[in-house]
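The values are calculated or read from the model by the stated rules, or taken from the named source; none is laboratory data. Fair warning: this is a prediction, and the values are worked out from it, not measured in the lab. Every residue, glycine as well, gets a Cβ built from its backbone with ideal geometry; the counts of neighbours run over all protein chains shown. Note: accessible area is taken over every heavy atom of the protein model, side chains too, but ligands, DNA and RNA are not part of it. Shrake-Rupley method; radii C 1.70, N 1.55, O 1.52, S 1.80 Å.
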Amino acid sequence: MSTVYAEFKRVAARRGDAPFIHVEPVTAEAYGIEPGPRTWREVAREVDRLRKAYSNAGYSCGHRVGLLLENRPAFFTHWLALNGLGISIVPIHADMRAAELIYLIGHSEIALAVVMPGREGALREAASSANVQLDTIRPEVSGHIPPVRAILRPVAQPIGRNTECALLYTSGTTGKPKGCRLANGYFLRAGEWYLGLGELATVRSDVERFITPLPLSHMNALAFSAMAAILSGGCIVQLDRFHPGSWWQSVRESGATVAHYLGVMPAMLLSAPPGEADRMHELRFGFGAGVDPRHHADFEARFGLPLLEAWAMTETGAAACIMANREPRHVGTRCFGRADFFVETRIVDERGADTGVDVPGELLVRAAGDDPRRDFFLGYLKDEMATEGAWAGGWFHTGDVVRRSADGDFRFVDRRKNVIRRSGENISAVEVESVLDTHPAVAASAVAATPDPTRGDEVLACIVLRKAANLPPPEKIAASIVRHALARLSYFKAPGYVAFVDALPLTPSQKVQRGELRELAKRLPGTPQCHDMRMLKRRQKRIDAAAGQAGVSALGSLTSAGDLTGAGGLTGAGTLSGALGLTAAGELTGPDPGALAGIAGIAPPPVLKPRVPAAPRTRPPAEAPPGKGDDGDDGA
């Protein structure tokens, strides 16, 4: 079988009345639909009804149809029906603003959009602004589908493995989103790879129930969990979004056996008090990326399932996916496993030379064999220059900085474009952000380079503060944040500038918009909300030079382990001691990060979101904070 539709029909004929889609009550309530299972037979019947309706309306191979359906079951039926005709889908993120919709509609040249209730007007208005005549339909398609407006030339090649199946737009954190053209082979390979993993990620035929809150507008849900369920004859438990409070209830009630996650989810689940029901579930493993190293082992020990970290991008799919699905997994080190036989890898420095063992560099990948691009993306829509640039030298340049141990284990460092170069030192923005986010006053942070006449770049941190009453003056909080970083990082990695902002610049998928952040970082120094903390860094450098170690020990100063000790400082465990306030040294103090509620108005959740300006929505915002990624879906 060479299409997603054909594989679905093949398995549906065998599975019949077994459940294919399971709608949890929390998702049914969010979408106003019935909860419970949809069988393979009834889904196949609806897929064929829609396929006939699209065909009668004149849609055929070469057309594209937009799907603005979030994670509704109708997404699957329309996708499969369109795929059966060789029509490519364009998932449209529900949080896109008008300018983003205008760009997507014009760039993708969608001929029709299937739209959830309440969004038709916004889509038509955006189409009008893009000078595009666009028809929209509701997902139930109770009547006729409007006749196609764009008549295409007949496609020479038959519908098959190389036919475009979907057009997925990257997050566009450094510019306009790129449209990744993904063929049937890309999706089939994802399912085939998943089923062949074995070890800790063994998939059992006709048994597994894959639960995921991740959006179908991204490759993790659309390519990995969906295709694994289709090819294995399993069941998809597609949640509308991540609900921390009801997650384990959904897991138990759905009978889920495999969970897909993003790194923020374990942190939020760990914040709940431990209970006897923590291990009362059927989950065998989690598939995802980006779990905080501090939470990885604790989560596995408490909930009794391994979180298997993987690496992939929208552009690579499973053709170059690397996963830590066998021991040793090196839990808590950002390890994502070893490359398999079907993918070739290199790690190179800025000059393109191969790096040594454990030396960070950019990851380059390609398929082994005669065709290095086999089952990768077909290319960026209308941007051949960018496509060929990404494949420079016959290798796909991922933009991810990683390192590889002597045993061949890969560990993630950061996105290359997020690396700040200060006085010859490479600084990972993600590393700095992960430390800043642990400060009790910080709700969210994002780090970028700002020009420095002496050092080339200096580290600037944009900080969204937690909502609290009676906070100390901003300059005191800024000093506390920098001291917090100096206690945990080499002095040169700590922010030289701290700027307080109401919200971070985010993409529709809630990732930090790195391009906009870099421009912002150039303008912020010298403004009232930006505080120059470079003197603290210089002071720490002198202390380090004098002591010949990470720091010195004294009241409110650094120990050799880099922790603040003494009255009004941080304990060796990294918790705050003393009454909440500021010490003479300018340090925030308090009982500990988990006990600040009610004191000075601070109530700290474990993972917090920046304050983002409100936008029209048809549902509440996702209960997960923004990611730190760059172009594409940098985790699987």
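Taken together, the residues in the stretch 343-400 that are of a type in the set (A, V, I, L, M), buried (at least 19 other Cβ atoms within 10 Å of the Cβ), over 22 Å from residue 188 (Cα atoms) and free of Cβ contacts under 8 Å to residues at least 60 places away in the same chain amount to 3.
Screening the candidates 181, 189 for the property of being of a type in the set (D, E, K, R) and surrounded by fewer than 22 Cβ atoms within 10 Å (Cβ to Cβ) yields one hit, 181.
Within the stretch 117-139, can one find any residue that is open to solvent by 30 Å² or more (accessible area, probe 1.4 Å), within 16 Å of residue 93 (Cβ to Cβ) and in contact (Cβ under 8 Å) with a residue 24 or more places away in the chain? For the stretch 117-139, residues open to solvent by 30 Å² or more (accessible area, probe 1.4 Å), within 16 Å of residue 93 (Cβ to Cβ) and in contact (Cβ under 8 Å) with a residue 24 or more places away in the chain: present. Applying the criterion of being surrounded by 19 or more Cβ atoms within 10 Å (Cβ to Cβ) and either of a type in the set (Val, Ile, Thr) or modelled with pLDDT under 95 (or both) to the residues of the stretch 1-25, the residue that is nearest to residue 79 (Cα to Cα) is 4.
Which of the residues belonging to the stretch 166-218 are assigned to a strand (DSSP E or B) and modelled with pLDDT under 95? Selection gives 169 alone. In the set (1) among the acidic types (Asp, Glu); (2) crowded, with 19+ Cβ neighbours inside 10 Å; (3) without any contact (Cβ under 8 Å) to a residue 12 or more places away in the chain, the condition left unmet by residue 458 is number (3).
Is the stretch 501-513 home to any residue that is among the β-branched types (Val, Ile, Thr), modelled with pLDDT of 90 or more and either assigned to a strand (DSSP E or B) or open to solvent by less than 30 Å² (accessible area, probe 1.4 Å) (or both)? Yes, some residue in the stretch 501-513 is among the β-branched types (Val, Ile, Thr), modelled with pLDDT of 90 or more and either assigned to a strand (DSSP E or B) or open to solvent by less than 30 Å² (accessible area, probe 1.4 Å) (or both). The residues in the stretch 250-263 that are more than 22 Å from residue 331 (Cα to Cα) and open to solvent by less than 30 Å² (accessible area, probe 1.4 Å) can be counted, and the count is 5.
One line per residue, one yes/no per condition, for (1) in contact with a strand residue (DSSP E or B) (Cβ under 7 Å, 6 or more places away or on another chain); (2) of a type in the set (Lys, Arg); (3) assigned to a helix (DSSP H, G or I); (4) touching a residue at least 40 places away in the same chain (Cβ under 8 Å):
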{"position": "230", "(1), (2), (3), (4)": "no, no, yes, yes"}
{"position": "237", "(1), (2), (3), (4)": "yes, no, no, yes"}
{"position": "260", "(1), (2), (3), (4)": "yes, no, no, yes"}
{"position": "265", "(1), (2), (3), (4)": "no, no, yes, yes"}
{"position": "295", "(1), (2), (3), (4)": "no, no, yes, no"}
{"position": "301", "(1), (2), (3), (4)": "no, no, yes, no"}
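For (1) part of a loop (DSSP other than H, G, I, E, B); (2) of a type outside the set (Val, Ile, Thr); (3) at pLDDT 85 or above, each residue gets a yes or a no:
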residue	(1), (2), (3)
518	no, yes, yes
521	no, yes, yes
531	no, yes, yes
537	no, yes, yes
541	no, yes, no
544	no, yes, no
555	yes, yes, no
567	yes, yes, no
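The sole residue among 72, 51, 97 that is under 30 Å from the mean Cα position of the chain (by Cα), crowded, with 19+ Cβ neighbours inside 10 Å and among the basic types (Lys, Arg) is 72.
One line per residue, one yes/no per condition, for (1) within 27 Å of residue 185 (Cβ to Cβ); (2) touching a helix residue (DSSP H, G or I) at 6+ places or on another chain (Cβ under 9 Å); (3) buried (at least 22 other Cβ atoms within 10 Å of the Cβ):
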residue: 248; (1), (2), (3): no, yes, no
residue: 265; (1), (2), (3): no, yes, yes
residue: 273; (1), (2), (3): no, no, no
residue: 287; (1), (2), (3): yes, yes, yes
residue: 312; (1), (2), (3): yes, yes, yes
residue: 319; (1), (2), (3): yes, yes, yes
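Go through (1) assigned to a loop (DSSP other than H, G, I, E, B); (2) closer than 28 Å to residue 510 by Cα; (3) modelled with pLDDT of 95 or more for residue 288 and report which single condition fails. With respect to (1) assigned to a loop (DSSP other than H, G, I, E, B); (2) closer than 28 Å to residue 510 by Cα; (3) modelled with pLDDT of 95 or more, residue 288 is out only on (1).
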